[in-house]
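Asks: Starting off with a structure, shown below.
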Amino acid sequence: MLTISNTPSSTAKILTGSNMNPRVRKAEYAVRGELAIRSEAIKVELANGGSFPFQRVVGCNIGNPQALDQKPITFFRQVASLVEYPDLLKDENREIALKLYASDAIDRAKLLLANIGSIGAYSHSQGIPLIRENVARFISDRDGFPADPSKIFLTQGASAGVQLTLQMIVEHPNVGIMIPIPQYPLYTATLAVLDAKPVPYYLDESKAWGLTTDELQRSYDEAAKNKIETRALVIINPGNPTGQCLSEENMREIVEFCKKNRVILLADEVYQTNIYQPEQRPFHSFKKVLKSMGAEYEGFEMISYHSISKGMIGECGRRGGYFECEGLDQSIMNEIYKISSISLCPNVQGQIMVDLMVNPPKKGDPSYDLYKQEYDAIYFSLIKRAKKLEEMFNSLEGCTCNSADGAMYLFPQVRLPKKAIAAAEVAGKAPDQFYCLALLEATGVCMVAGSGFGQVEGTAHFRSTFLPQPELFDGFCAGITKFHAGFMDKYRD
Ligand SMILES: Cc1ncc(COP(=O)(O)O)c(CN[C@@H]2CONC2=O)c1O
């Protein structure tokens, strides 16, 4: 029987909410969900003269440093602008170019273009070979173990790499992928679209968001009881939204867990340079830990992800990153290449930024001093703002907040009064979503509710970046403090 939308004369929409891919409809990405959408609407209302009890919206919902006035690293932008306009690299223009550009930026741009041709051309689908060689060198220098450029794929941000590799693993709807709770919702959203089963393991807030293999095994065994075939374990280290940084010993235990239970390790390491207690909690890559565990781990299957969006770089909008495959069968690598080639190639400026990330100016280079000065200024400012925000959250009634060993976020727990929870229910919102919406309307500060990352049943959290501009930070903290006191009074039991 023809449905209304099939009859030629019908004016009904062909694609509707009821016949679209239900897995797309099921996917949720809280980082840019209701709160972010409302904050964008408020920005427009403010620009059109709307009146709010604040002058500006402060986007603390997303780790997007340059949206909050973090300055880009000069050397990176010099190279990026030179490759966009190769005439500047001609000998006849060298004198003019040197008035604006460091000589090593000019040399780097020339080297890149000698290997790329034009940045307007499609590149190799796996990424520009020279850049993959530089990524391999970066990895081997970092870890002390060799890396193979042919096992590295450059991507449109780490997101694209995560989505592509999960797509490879999810054979059928009963495939399980272990994800941390709280987790970064790229994972739950991608698993929803792929129709896979998220297999949650809980980080322990009372132990600074620690992870135990007992909890991993509990999670795995529970899934197995439900006939879920768990194929991979996602580890985000340093954690998002939780900011913890794993110890080497804990990482070895995790590798052992994966080997014992035959799951592929997916190591999301995009915050590997956002390490704020380098002495007590240095970053170790899973590649290094794995390779230091000896021959019995030969053939262990792992994929590690990195990105230009984080660290002190924050070039989020350029969409650059990579993943390194370890222990995957060559036939699988060929399939990953095939899938990559369907999208032709990652954008070339994003690839160039990956090269700059893994191969920045070195001591003695003309740009090194400025690079180091800019890098350190961002790094120490992040440490200072993280500590200030953590102290502020811990000063709020009913709030406790673990410190951030890494990443860009704090994830405080807030114990809301019963009246607030009841009001949230009436509003049809999760309690922490209700709190964050009220915070946004009162202060212009946009956070993400803990319910968007997953949390222990009955708890309420929210995630905030510590990225607001240093000169606005005290006002930002004061606004939240004032709002919180008012909210708690309004709903006091
Ligand atoms: C753990 C983690 N993995 C991957 C990504 C994807 O990064 P790119 O695709 O940009 O390389 C992010 C981005 N962080 C998001 C974006 O900003 N705030 C967040 O929580 C992330 O936090």
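The values are calculated or read from the model by the stated rules, or taken from the named source; none is laboratory data. Since this is a predicted model, take the numbers as computed values, not measurements. Counting neighbours? That spans all protein chains shown, and the Cβs are built from the backbone with ideal geometry, glycine included. These area figures cover heavy atoms from the full protein model, side chains too; ligands, DNA and RNA do not enter into them. Shrake-Rupley method; radii C 1.70, N 1.55, O 1.52, S 1.80 Å.
Asks: Here are some residues: 208, 223. Which one is under 28 Å from residue 33 (Cβ atoms) and within 21 Å of the chain's Cα centre (by Cα)?
Replies: The conditions single out 208.
Asks: May I ask you to say which residue of 199, 170 is away from the ligand (no atom under 16 Å from the Cβ), buried (at least 23 other Cβ atoms within 10 Å of the Cβ) and of a type outside the set (Asp, Glu)?
Replies: 199
Asks: I'd like the residue in region 444-460 that is closer than 20 Å to residue 55 by Cβ and part of a strand (DSSP E or B) and, out of all such residues, is farthest from the ligand (Cβ to nearest atom).
Replies: Restricting to residues being closer than 20 Å to residue 55 by Cβ and part of a strand (DSSP E or B), the top hit is 445.
Asks: For a quick check of your reading: which helices (runs of 4 or more DSSP H) sit entirely within region 21-121 and have at least 2 residues that are over 29 Å from the mean Cα position of the chain (by Cα)?
Replies: Those helices (runs of 4 or more DSSP H) span 34-47, 94-100, 103-116.
Asks: Continuing with the same structure: In region 255-297, what count of residues is obtained for those that are of a type in the set (Ser, Thr, Tyr), away from the ligand (no atom under 16 Å from the Cβ) and touching a Lys or Arg at 6+ places or on another chain (Cβ under 8 Å)?
Replies: Number of matching residues: 1.
Asks: Right, here's the next one. Report yes if some residue within region 252-269 is small (Gly, Ala, Ser) and farther than 30 Å from residue 315 by Cβ; otherwise report no.
Replies: No, every residue in region 252-269 fails to be small (Gly, Ala, Ser) and farther than 30 Å from residue 315 by Cβ.
This table checks each residue for (1) assigned to a helix (DSSP H, G or I); (2) away from the ligand (no atom under 16 Å from the Cβ); (3) without any contact (Cβ under 8 Å) to a residue 40 or more places away in the chain.
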| residue | (1), (2), (3) |
| --- | --- |
| 366 | no, yes, no |
| 379 | yes, yes, no |
| 391 | yes, yes, yes |
| 404 | no, no, no |
| 442 | yes, yes, no |
| 462 | no, no, no |
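Asks: Quick check on residue 214: is it of a type in the set (Asp, Glu) and within 16 Å of the ligand (Cβ to nearest atom)?
Replies: no
Asks: Residues that are more than 17 Å from residue 132 (Cβ to Cβ), polar (S, T, N, Q) and either touching a Leu at 6+ places or on another chain (Cβ under 8 Å) or in a loop (DSSP other than H, G, I, E, B) (or both): does region 353-360 have at least one?
Replies: For region 353-360, residues more than 17 Å from residue 132 (Cβ to Cβ), polar (S, T, N, Q) and either touching a Leu at 6+ places or on another chain (Cβ under 8 Å) or in a loop (DSSP other than H, G, I, E, B) (or both): absent.
Asks: Taking region 258-279, which residues are more than 24 Å from residue 214 (Cβ to Cβ) and open to solvent by 30 Å² or more (accessible area, probe 1.4 Å)?
Replies: Answer for region 258-279, where residues must be more than 24 Å from residue 214 (Cβ to Cβ) and open to solvent by 30 Å² or more (accessible area, probe 1.4 Å): 273, 277, 278, 279.
Asks: Follow-up. For region 149-163, what are the residues that are within 12 Å of the ligand (Cβ to nearest atom), among the hydrophobic types (A, V, I, L, M, F, W, C) and either over 18 Å from residue 185 (Cβ atoms) or out of contact with any Leu (no Cβ under 7 Å at 6 or more places or on another chain) (or both)?
Replies: The answer is 154, 158, 160.
Asks: Out of (1) out of contact with any Ser or Thr (no Cβ under 7 Å at 6 or more places or on another chain); (2) farther than 28 Å from residue 192 by Cα; (3) surrounded by 10 or more Cβ atoms within 10 Å (Cβ to Cβ); (4) in contact (Cβ under 8 Å) with a residue 60 or more places away in the chain, the odd one out for residue 85 is which?
Replies: Only one criterion is unmet by residue 85, namely (4).
Asks: Look through region 42-70, keep the residues that are among the polar types (S, T, N, Q) and touching a residue at least 12 places away in the same chain (Cβ under 8 Å), and return whichever of them is farthest from residue 308 (Cα to Cα).
Replies: 55
Asks: Now for a separate question. State all residues of region 298-318 that are within 16 Å of the ligand (Cβ to nearest atom), among the charged types (D, E, K, R) and either open to solvent by 20 Å² or more (accessible area, probe 1.4 Å) or farther than 22 Å from residue 162 by Cα (or both); if no residue qualifies, say none.
Replies: Within region 298-318, 310, 318 meet the criteria.
Asks: Among (1) without any contact (Cβ under 8 Å) to a residue 24 or more places away in the chain; (2) closer than 26 Å to residue 310 by Cα; (3) among the small types (Gly, Ala, Ser), where does residue 427 come up short?
Replies: Residue 427 satisfies every listed condition except (2).
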